[in-house]
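*Asks:* Have a look at the structure that comes next, please.
The values are calculated or read from the model by the stated rules, or taken from the named source; none is laboratory data. Not measured: the values here are computed from a predicted model. Every residue, glycine among them, receives a Cβ derived from its backbone with ideal geometry; neighbour counts consider all protein chains shown. The accessibility values were calculated without ligands, DNA or RNA, using every heavy atom of the protein model including side chains. Shrake-Rupley method; radii C 1.70, N 1.55, O 1.52, S 1.80 Å.
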Amino acid sequence: MASLKEKIGYALGDAAAGGITWKIMSIAFPLFFTNVFGLTVADTATLMLIARMFDVVTDPLMGSLADRTQSRWGTYRPWLIFGAIPLGLIFALLLYTPEFGPVGKRIYAYTMYLLMMVVYTAVNVPYGSLLGVMTSDDNEKNQFSSFRMVGAYAMGFVTLLSFPYLQKMVGGTEAHQYAVLGAGFGVIAAAGTLACGLLTKERLKPVRAEKFSFKPFADLFKNKPWIYLTLIGICTNFFNGFRYAVAGYLMEYCLHGDVTVSGLIINYTVFMTFGEVTCMIFGGVSPKFTQWVGSKAKAFTWAAIICFVFSVAFFFVPMDPAYIWVMVALVILTSIGIGLYSPLLWSMYADVADWATEKNGVSSTGLIFSSGTMAQKFGTAISGSLVALFLGMSGFISGTDETTGQTVITITNEESVRQMIWSLFSLFPAVIALIIVFLIYKYPIKK
């Protein structure tokens, strides 16, 4: 029986990765790269696409490598212990804007972003795989997964809520603010990752292959549950990715800047914070909800339907700051669905890993969980890339002035840009939610 301290320790891992580094990368990076760093929309879209093609190779390799690791700290924990500092350091460098010209900035952004993806993979794939070796009890796996999601969303809540106030406290240019906050959040992310590695335990020994083989990779494509769950994982991250990537543009161009209500500054990070705290609450409720409806598949289906209904409803809200609380209410209602399905996804990866071990006789836990991390990065970054692409098609142009080095924004069709932003936040995710319902229906493990 795992202790509360260990469950909290496991939660700290995703508080660091999901609640800080990935949350800021998801919500701030498209806007940061175009409006602060000074990349063009095309460069931003291309950067995220290249990174995803990179991840298609690195994530499965990392999973296979993690499965074969043997050390005094276990199989997966050493990657967290020794990857903590690189994770925080590279994250800080990624939010720094160097005083280079357009070409220099492009090289710096591409280099740091790809390095961040490598170190994130080296930490997060083993972190996810830990769930498969900490316990064999299915209910306890759900509890660990629930703690993980509560940790991620609780830290996401703190990160996003504090962001605009910390920016004001730091002062100076936006580039300076992002650089200072990147360093501060990088330190916290490193500490959380290290604590996770030190506080968790590996109770189960993976059934290792005697030598490296490509057979586990080939077996993945014969693994029907894995195929459907990977597609579901990509879609859930598409759903979140569109909303987070476009939130900054929504506040800036649809609502004409931050909205202040009774002294509360509602900028794009605070706007999404309401969803974070909802996800945190319903992530904790998820195991009980799953027991109530009877299975993970049914719980996931109802959660996706909630996401669909309230995403569509958001589209019909007027683009007017006077309706800010209606918008916030719909963000909260949509996040009920997200909070319910998020812990289920990782618990279902553990089910797929157990299914594969029983069928093939060899553990491929790290390899299978790596697809979860790949789906996370693929869905989030491709959606961010598509946001940049669609905004460019609708009339949004960004870049760096070669003479002054300053970021320049041009909008050729304001109404088209506003409608595109609104649709990217509501209708695009709604379609993804419907696809999730179909994929869950086809998913073969019904426990």
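*Asks:* I'd like to verify a number: residues in the range 94-111 that are within 18 Å of the chain's Cα centre (by Cα) and open to solvent by 10 Å² or more (accessible area, probe 1.4 Å), how many?
*Replies:* First pass over the range 94-111, keeping only residues within 18 Å of the chain's Cα centre (by Cα): 94-95.
Going one step further and asking which of them are open to solvent by 10 Å² or more (accessible area, probe 1.4 Å), we end up with none.
Total meeting the criteria: 0.
*Asks:* Being farther than 20 Å from Thr273 by Cβ, open to solvent by 30 Å² or more (accessible area, probe 1.4 Å) and assigned to a helix (DSSP H, G or I) is the requirement here; does Leu161 meet it?
*Replies:* No: the conditions fail for Leu161.
*Asks:* Go through the range 1-53 and give me each residue that's at pLDDT below 85 and among the charged types (D, E, K, R).
*Replies:* Within the range 1-53, Lys23, Asp43, Arg52 qualify.
*Asks:* Still on this structure, I have one more. Considering only residues that are in a helix (DSSP H, G or I) and open to solvent by less than 10 Å² (accessible area, probe 1.4 Å), look in the range 26-38 and name the one that is nearest to Met117 (Cα to Cα). Reasoning before the result, please.
*Replies:* Of all residues in the range 26-38, those in a helix (DSSP H, G or I) come to 26-37.
So of that shortlist, the ones also open to solvent by less than 10 Å² (accessible area, probe 1.4 Å) come out as 27-30, 32-34, 37.
Numbers: Ile27: 16, Ala28: 16, Phe29: 14, Pro30: 16, Phe32: 17, Phe33: 16, Thr34: 20, Phe37: 19 Å.
Selected residue: Phe29.
*Asks:* Continuing with the same structure: Check whether at least one residue in the range 94-115 is within 26 Å of Ile368 (Cα to Cα), among the aliphatic types (A, V, I, L, M), modelled with pLDDT under 90 and out of contact with any helix residue (DSSP H, G or I) (no Cβ under 7 Å at 6 or more places or on another chain), and report yes or no.
*Replies:* Within the range 94-115, none of the residues are within 26 Å of Ile368 (Cα to Cα), among the aliphatic types (A, V, I, L, M), modelled with pLDDT under 90 and out of contact with any helix residue (DSSP H, G or I) (no Cβ under 7 Å at 6 or more places or on another chain).
*Asks:* If you don't mind, there's one more thing I want to ask. If you check Leu198, Leu166, which single one turns out to be touching a Leu at 6+ places or on another chain (Cβ under 7 Å), surrounded by fewer than 19 Cβ atoms within 10 Å (Cβ to Cβ) and of a type outside the set (Val, Ile, Thr)? Please lay out each step first, then the result.
*Replies:* Values: Leu198 fails: touching a Leu at 6+ places or on another chain (Cβ under 7 Å).
The match here is Leu166.
*Asks:* Could you run through the range 328-354 and say how many residues are open to solvent by less than 10 Å² (accessible area, probe 1.4 Å) and either assigned to a loop (DSSP other than H, G, I, E, B) or over 30 Å from Lys222 (Cβ atoms) (or both)?
*Replies:* 8
*Asks:* Filter the range 136-145 for residues that are in contact with a Leu (Cβ under 9 Å, 6 or more places away or on another chain) and either crowded, with 21+ Cβ neighbours inside 10 Å or of a type in the set (D, E, K, R) (or both); which is farthest from Trp79 (Cα to Cα)? Walk me through it before giving the result.
*Replies:* Taking the range 136-145 as the starting set, the residues that turn out to be in contact with a Leu (Cβ under 9 Å, 6 or more places away or on another chain) are 136, 141-142, 144-145.
This time we only want the ones that are either crowded, with 21+ Cβ neighbours inside 10 Å or of a type in the set (D, E, K, R) (or both), so: 141-142, 144-145.
On the way: Lys141: 21, Asn142: 23, Phe144: 19, Ser145: 19 Å.
Filtering the range 136-145 for residues that are in contact with a Leu (Cβ under 9 Å, 6 or more places away or on another chain) and either crowded, with 21+ Cβ neighbours inside 10 Å or of a type in the set (D, E, K, R) (or both), the one farthest from Trp79 (Cα to Cα) comes out as Asn142.
*Asks:* Being over 18 Å from Thr193 (Cα atoms), open to solvent by 20 Å² or more (accessible area, probe 1.4 Å) and touching a Gly at 6+ places or on another chain (Cβ under 9 Å) is the requirement here; does Phe82 meet it?
*Replies:* Details: over 18 Å from Thr193 (Cα atoms): no; open to solvent by 20 Å² or more (accessible area, probe 1.4 Å): yes; touching a Gly at 6+ places or on another chain (Cβ under 9 Å): yes.
It is false that Phe82 is over 18 Å from Thr193 (Cα atoms), open to solvent by 20 Å² or more (accessible area, probe 1.4 Å) and touching a Gly at 6+ places or on another chain (Cβ under 9 Å).
*Asks:* Taking the condition of being in contact with a Phe, Trp or Tyr (Cβ under 6 Å, 6 or more places away or on another chain) and within 21 Å of Val309 (Cβ to Cβ), how many residues in the range 435-447 meet it? Break it down into steps so the answer makes sense when it comes.
*Replies:* To start, the set of residues in the range 435-447 that are in contact with a Phe, Trp or Tyr (Cβ under 6 Å, 6 or more places away or on another chain) comprises 439-440, 442-443.
Those left that are additionally within 21 Å of Val309 (Cβ to Cβ): 439-440.
Qualifying residue count, the range 435-447: 2.
*Asks:* Determine which member of the set Tyr249, Tyr244, Tyr253 is touching a Lys or Arg at 6+ places or on another chain (Cβ under 7 Å), assigned to a helix (DSSP H, G or I) and among the hydroxyl-bearing types (Ser, Thr, Tyr).
*Replies:* On the way: Tyr249 fails: touching a Lys or Arg at 6+ places or on another chain (Cβ under 7 Å); Tyr244 fails: touching a Lys or Arg at 6+ places or on another chain (Cβ under 7 Å).
Criteria check complete, one pass: Tyr253.
*Asks:* Could you tell me whether any residue of the range 260-270 is buried (at least 19 other Cβ atoms within 10 Å of the Cβ), in contact with a Phe, Trp or Tyr (Cβ under 6 Å, 6 or more places away or on another chain) and within 28 Å of Val317 (Cβ to Cβ)? Write out each step before concluding.
*Replies:* Step one: of the range 260-270, the residues buried (at least 19 other Cβ atoms within 10 Å of the Cβ) are 266-270.
When the remaining residues are screened for being in contact with a Phe, Trp or Tyr (Cβ under 6 Å, 6 or more places away or on another chain), the result is 269.
If we keep only those that are within 28 Å of Val317 (Cβ to Cβ) too, we end up with 269.
Checked the range 260-270: at least one residue is buried (at least 19 other Cβ atoms within 10 Å of the Cβ), in contact with a Phe, Trp or Tyr (Cβ under 6 Å, 6 or more places away or on another chain) and within 28 Å of Val317 (Cβ to Cβ).
*Asks:* Take the residues in the range 222-238 that are out of contact with any Leu (no Cβ under 8 Å at 6 or more places or on another chain) and open to solvent by less than 10 Å² (accessible area, probe 1.4 Å), then tell me which one is modelled with the highest pLDDT.
*Replies:* That would be Pro225.
*Asks:* OK, next. Do we find that Val56 is assigned to a helix (DSSP H, G or I), modelled with pLDDT under 80, open to solvent by 20 Å² or more (accessible area, probe 1.4 Å) and of a type in the set (Val, Ile, Thr) in this structure? Walk me through how you get there before you give the answer.
*Replies:* Numbers: assigned to a helix (DSSP H, G or I): yes; modelled with pLDDT under 80: yes; open to solvent by 20 Å² or more (accessible area, probe 1.4 Å): yes; of a type in the set (Val, Ile, Thr): yes.
So Val56 fits the description; yes.
*Asks:* Checking the conditions here, which among Leu49, Leu115, Leu80, Leu65 is of a type in the set (A, V, I, L, M), in contact with a Cys (Cβ under 6 Å, 6 or more places away or on another chain) and in a helix (DSSP H, G or I)?
*Replies:* Numbers: Leu49 fails: in contact with a Cys (Cβ under 6 Å, 6 or more places away or on another chain); Leu115 fails: in contact with a Cys (Cβ under 6 Å, 6 or more places away or on another chain); Leu65 fails: in contact with a Cys (Cβ under 6 Å, 6 or more places away or on another chain).
None of the others qualify; the one that does is Leu80.
*Asks:* Continuing with the same structure: Scan the range 308-327 and give yes if some residue there is open to solvent by less than 20 Å² (accessible area, probe 1.4 Å), free of Cβ contacts under 8 Å to residues at least 60 places away in the same chain and closer than 13 Å to Phe274 by Cβ, otherwise no.
*Replies:* Start the filter on the range 308-327 by keeping residues that are open to solvent by less than 20 Å² (accessible area, probe 1.4 Å), which leaves 311, 314, 317, 324, 327.
With the extra rule that they be free of Cβ contacts under 8 Å to residues at least 60 places away in the same chain, the set shrinks to 317, 327.
Restricting the remaining residues to those that are closer than 13 Å to Phe274 by Cβ gives 327.
For the range 308-327, residues open to solvent by less than 20 Å² (accessible area, probe 1.4 Å), free of Cβ contacts under 8 Å to residues at least 60 places away in the same chain and closer than 13 Å to Phe274 by Cβ: present.
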